[in-house]
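First up is the structure itself, then whatever we jot down about it.
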């Protein structure tokens, strides 16, 4: 139905979707590209361009019907189903992600966590059970999780990711700063580097 | 010297900068917009457009001189100086950020961390001292840190951010999922939501 969206465009669509989700009681109203732009740090022209991927859904002089646009984006991001995640590695970062409210408020559900540390295995954190990583394949397969958040040390990342693929995970967010990770064709893979937001702020400090 | 860059453009520039940093032994060569695009998940047209902010620095048929482009971007992101950060809140997320290699490899330096928990105060983690948050203003002022990474619970975020501004911090990355944070004019502020990358992967799962 729509053309292929570049990676940075998907990021912007995610921001639009979240902003629309936050407008609950305005569902029957319209939102202008300018308003969406201001709420998400983009230009109105960029918003209009991004949304042409969904056809001519804007109405001249009115903007976008909030309800309709929100539905389209919920569909695009799988928010109409439960989006199941697993967390691999229950160290500081894994624990922080399990507790992160962003995953709770955005129709995500962390269905299991894994660690190799016997002191952690069997514990329940924020309603999430920590399993022995040796049981990763069976537990992940049973939960039907689509995405794994990988928070293991860099030297374990590739091995864990290989196991996740065997277990049926279709997409992997790698928070472990590993060098080159390889995944089979068809598996979605993304490195997440939390330090890049600090780059962005330094840019603003130096150039504004 | 260059025009105002939109927020998503700064993010792309940060990716280009990091890719160039990784090409150490190719400094005397050229890089094409296509190669930069492939390495960072953008289109060649987008790369060329972003880099026009720096004037006509590409050479027809050759591309960009790696050394020159890298220098320009290092300047833009303040990477020619030590980029000093402080971490507020030494819970799971704060500890994960202190240990995060992305901050160590990108000319960032975390110069201090703060917490209110007496069991943490005085400890040194990855060469970073954890100070009593009551001493935030004096310690931050002494370190000369520009940016603070705020990892406190949401109900403390505004109070901590007010203190940081008084201490002279110019930019704040807020990892605490607080509602509306207000900062004075001139202070750069950015919320970081680690769950948005999961949105992006779900989009790819649903639409590819």
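Some notes on this structure:
- Failed item, numbered, when residue A:67 is tested on (1) outside any loop (DSSP other than H, G, I, E, B); (2) over 22 Å from residue B:96 (Cα atoms); (3) within 14 Å of chain B (Cβ to nearest Cβ): (3)
- Residues being modelled with pLDDT under 95 and over 21 Å from residue B:160 (Cα atoms) - total across the stretch B:84-124: 10
- Residue satisfying all of: in the stretch B:85-100; outside any helix (DSSP H, G or I) and closer than 14 Å to residue B:116 by Cα; nearest to the chain's Cα centre (by Cα) among these: B:87
The values are calculated or read from the model by the stated rules, or taken from the named source; none is laboratory data. Predicted model, so just to flag it, every value in this text is computed and none were measured. Here the Cβ is made from the backbone with ideal geometry for all residues, glycine too, and neighbour counts use every protein chain on show.
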